[in-house]
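The values are calculated or read from the model by the stated rules, or taken from the named source; none is laboratory data. Because the structure is a prediction, the values reported are computed rather than measured. Virtual Cβ from ideal backbone geometry, glycine too; neighbours counted across all protein chains shown. For accessibility, only protein heavy atoms count, side chains too; no ligands or nucleic acids. Shrake-Rupley method; radii C 1.70, N 1.55, O 1.52, S 1.80 Å.
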Amino acid sequence: MRGLPLEVSNLSVTGAGGRVLVRAESLTIAPGESIGIRGPSGAGKSTLLYALAGLQPTARGVIRWGAADLVALGESERARFRRDHIGLVFQDFLLFEELTAQGNAALAAAFGARGGAASIRSRAGAVLERLGIGDTARTVDSFSGGERQRVAIARALANDPAIILADEPTASLDRDTADRMIDDLVDLARTGGKTLIAVSHDRTLLERMDRLVEVIDGRLREGALDA
Amino acid sequence: MPEILLDGWQGLSPTAQDILILLLLLAPAVLTGLVVTFGYRPFLLVRSLLWRYRWTNLVFVALIAVSVGLGVGLTAQERGLRQGTARAAEKFDLIVSAPGSEITMLFASVYLQPSDVPLLDGETYEKIVSNENVSLAAPIAYGDSFEGYPVVGTTPGFIAHLSGDLAEGEMFSRTGQAVAGSAVEVPLGASFTPAHGVGDGAEHEAHAGAETVIVGRMAATGSPWDKAILVPVEAVWEVHGLANGHAPERAGQIGPPFDTDYFPGTPAVMVHADALWANYALKSDFTTDKTMAFFPGAVLSRLHALMGDVRQIMSLMAVVTQVLVTAGVLTGLVVLTRLFSRRLALLRALGAPRRFVFAVVWCYAATLIAGGAVLGLGAGFAAAGLISREISRRTDILVRAGLAWPEFHLIAGFVSLTLLLALTPAFLALNRPVIADLRN
C-alpha cells in the first residue's frame, strides 16, 4: 500500500495531572515522505510518535491520516486503522521469544489484519527473505540483535502498511548492524512508497530522512542536522 | 420443571442422565470458549505464553490439581468406604442376638470387632432353627484369637454361605481343625493354639492343648472374615470347658442339629431365609423381649445416613477448598497477566482487536485451569486408590475407590465456574494502559 498523507493540527497530548507532554500546532507530511524526529531525552518524541499511531488516549486536536482522523475515531476503529495501515518498529524489538521468525513476522495473521492470514504470512516470508533471514522456522530467542530487529521490520511490513512508525529502531544495535538495519528500513519504505516516521538520536538514520522535526519541551519545529 | 421434561428425564437410563448432567455442567465453559474465541486463532500466542512462564504456570496447574484432587479423592473415598462396608455385610441377611445395641452387634458379628455381649441360649437357638422359613441358622462364637487373627466358631454351612467353595484344602470335619480366611498368613497344614481374648489382653496359655490344624482356606470375601480363622463352634465351646452342643452319644458331630440341653450359648446367630419376605417375617418373629433381630444392611444404611452429614461437611470442605484455591488462582492470574502485559500491549499497539487480546488471556487461563483439573482428576484417583489400600489393610474391609460420575460432575462444575471467573483477569488485562505497558 502506498503512503498516506498526514495532517496534524492543534495537537496536544496530556499526561498525569493534565501536564501537556506534546503540543503541535501544525505538521504536514506527504505520502511516501520520510521524517526523522529528534530531540533531547524526555522531550516528547515517543509521545508524539505514539499519538500519530492513535495510541495516546489523551490526544486532542486533529491527527488525520488520509481521510481518517485518529483523534475522532473510537478505540476499536483506531485499532483497525493501525492493523490495516501502520507498521510499528520498537527500540527493543518486542518479539515473542518463543515464536519462530516467521511466527513473529506474521503475528497479525492471528488477529485478522487486512488482506487475510495467508497473504500476511506470504508477505512476512518474503520480507524476511529479502532481509536475509534464512531460517525462518527458528525461534527468535537464539537470534542476534540485528536479526531480531530485521524480524521486527518484517512484522511491521507484513500487513503492507501505508505508514511505518519506528521508535529508536537502532538504539539497541551496534554501529554496523544499525547501518544495515537503516539501509533495510529506508529501502523497504522507499521502494514501497510508504510514509516513514522514525524517532531517533542516530545521525546516520536521520541523514537518510527527507525531513527532520525537532521536539523540544513538547513543542515541534522543523529541524536540520548540524554540519 | 414441565411434566413432559420430567417424564423424559425419568425415562432416561441413569448413564444417560449422568452424561446429560455432565454436558450441562460443561456447557457454560464450552459456550464461553466458543464465544470468546469466535473468529480468532489465539492458540499460537497462548502456547507461547505458556512456554514463556512455564515454571510459574506449572505451579498454578499443580495448585489447581491439588485442590481438584482433594475434592475428587474425598468423594471417591467416601463412596468406596460406603460400598465396601455394605459389600462386607451383604451375606449377613439377619442377625439374631440378645437385646442390646444393634451397632455393637453389627460391628462384632459382621466386622469382627471384639465386644462382650450376652449369649443366646439353646432354647432360643432351637426356636430360630425350627422356624419353617429359616434355611440357615449359624451360631457365630467369637472371642478367641491367634496372632491377631480372630478365631470364630461357626458351622460349615455358614462358611459355604459366606464364601462358596473353598479356595483350597477341605472343610473342617472335627474339632482341632480350622479353615483360614483368604488373607490369613498361616499355611495349610500349620497348627496353632488359640488365645483367649483378642489384642494385647489375649491369654495365650488359656487354651493350652487345644492345638488346631489349618485344613482349608476360604475364597476371598472382601470383608474382615478374610482375616479370620474359622473353627467348629463345638471347638470354641469345648476349649472354654462347656458342653459342645451335642448329646454325649453324638459328641463327635460337627454342625447342626444341636441339642438344646447341651447348647452352651452363642453371642449371635446369622439367619438366612431363601425368600426375601421371609427375612422380614423372621425379624418380626425374633424381635422379642429376649431376642433382638436386625438386618445388618439396614443398620449400616442408618449409619451411612448418619455419616451422610459428615459426607456433606466433607463435600462442603472440598468445595470451600476449591473456591479458595480458585480465588487464589484468579488473583495469581491477574498478577501473571501483569507479567506479560508488555506482550499484550504490543498486540494492542499492532492493532489487535480488544476481543482478540481478551481471547488470548482467557484461553491462557482456561488452559491452566483445564490442565489442573485433568491432573487433579488423576491425582484424586491415585490418592483415593492409595488411601483405599491403607483402609483395606487396616480394617480388612475391601474398599475400592474408583472414579465415578459424581467426580466427573464435580470437575465439570469446577471447570465451568472457574472458566467463567477467568473472564475477570481477561477484562482487567484490557483495561491496562498500552503505552505505559509498552515502555515497561
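Restricting attention to region A:85-136, and to residues there that are open to solvent by 20 Å² or more (accessible area, probe 1.4 Å) and β-branched (Val, Ile, Thr), which single residue is nearest to A:Gly192 (Cα to Cα)?
Across region A:85-136, the extreme among qualifying residues is A:Thr136.
Here is a check on your reading of the model: is A:Asp179 charged (D, E, K, R) and at positive phi?
So A:Asp179 fails the test.
Among the residues of region B:220-242, write down those that are polar (S, T, N, Q) and either buried (at least 24 other Cβ atoms within 10 Å of the Cβ) or without any contact (Cβ under 8 Å) to a residue 40 or more places away in the chain (or both).
Let us first name the residues in region B:220-242 that are polar (S, T, N, Q), namely B:221, B:223.
Correct list: B:Ser223 only.
So is A:Arg208 charged (D, E, K, R), farther than 16 Å from A:Gly87 by Cβ, touching a Ser or Thr at 6+ places or on another chain (Cβ under 8 Å) and surrounded by 15 or more Cβ atoms within 10 Å (Cβ to Cβ) or not? Walk me through it before giving the result.
Working: charged (D, E, K, R): yes; farther than 16 Å from A:Gly87 by Cβ: yes; touching a Ser or Thr at 6+ places or on another chain (Cβ under 8 Å): yes; surrounded by 15 or more Cβ atoms within 10 Å (Cβ to Cβ): yes.
Criteria met by A:Arg208.
What's the number of the only condition in (1) open to solvent by 10 Å² or more (accessible area, probe 1.4 Å); (2) in a helix (DSSP H, G or I) that A:Leu173 fails to meet?
Result: A:Leu173 fails condition (2) only.
Residue-by-condition table, conditions (1) under 21 Å from A:Asp167 (Cα atoms); (2) of a type in the set (Phe, Trp, Tyr); (3) at pLDDT 90 or above:
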site	(1), (2), (3)
A:Asn10	no, no, yes
A:Ala16	no, no, no
A:Thr28	yes, no, yes
A:Ser34	yes, no, yes
A:Ser46	yes, no, yes
A:Tyr50	yes, yes, yes
A:Arg64	yes, no, yes
A:Leu73	no, no, yes
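Being in contact (Cβ under 8 Å) with a residue 12 or more places away in the chain, closer than 22 Å to B:Asp144 by Cα and more than 14 Å from chain A (Cβ to nearest Cβ): is that true of B:Ser67 here?
Working: in contact (Cβ under 8 Å) with a residue 12 or more places away in the chain: yes; closer than 22 Å to B:Asp144 by Cα: no; more than 14 Å from chain A (Cβ to nearest Cβ): yes.
So B:Ser67 does not fit the description; no.
Out of (1) touching a helix residue (DSSP H, G or I) at 6+ places or on another chain (Cβ under 8 Å); (2) open to solvent by 50 Å² or more (accessible area, probe 1.4 Å), what's the single condition that is false for B:Thr104?
For B:Thr104, the failing item is (1).
Could you list, in sequence order, the residues of region A:127-157 that are aliphatic (A, V, I, L, M) and within 14 Å of another protein chain (Cβ to nearest Cβ)? Please lay out each step first, then the result.
Narrowing region A:127-157 to residues aliphatic (A, V, I, L, M): A:127-128, A:131, A:133, A:137, A:140, A:151-154, A:156-157.
Result: A:Ala137, A:Val140, A:Val151, A:Ala152, A:Ile153, A:Ala154, A:Ala156, A:Leu157.
Conditions: (1) under 21 Å from A:Leu99 (Cβ atoms); (2) among the hydroxyl-bearing types (Ser, Thr, Tyr); (3) free of Cβ contacts under 8 Å to residues at least 12 places away in the same chain. A:Thr191 meets all but one. Number of the miss?
(1)
Enumerate the helices (runs of 4 or more DSSP H) found wholly within region B:1-56, keeping only those where 3 or more residues are open to solvent by 80 Å² or more (accessible area, probe 1.4 Å) and within 14 Å of chain A (Cβ to nearest Cβ).
It comes to B:43-52.
Give the number of residues within region A:122-149 that are within 15 Å of A:Ala178 (Cβ to Cβ) and not in a helix (DSSP H, G or I).
Quick first cut of region A:122-149, residues within 15 Å of A:Ala178 (Cβ to Cβ) only: A:131, A:144-149.
Those still in the list that are not in a helix (DSSP H, G or I) too: A:131, A:144.
Qualifying residue count for the region: 2.
Which numbered condition trips up A:Ala79, out of (1) open to solvent by 30 Å² or more (accessible area, probe 1.4 Å); (2) under 19 Å from B:Ile435 (Cα atoms)?
The single condition A:Ala79 does not satisfy is (1).
Pick from region A:48-73 the residues that are surrounded by fewer than 22 Cβ atoms within 10 Å (Cβ to Cβ) and within 11 Å of chain B (Cβ to nearest Cβ): which of them is nearest to A:Ala137 (Cα to Cα)?
A:Pro57
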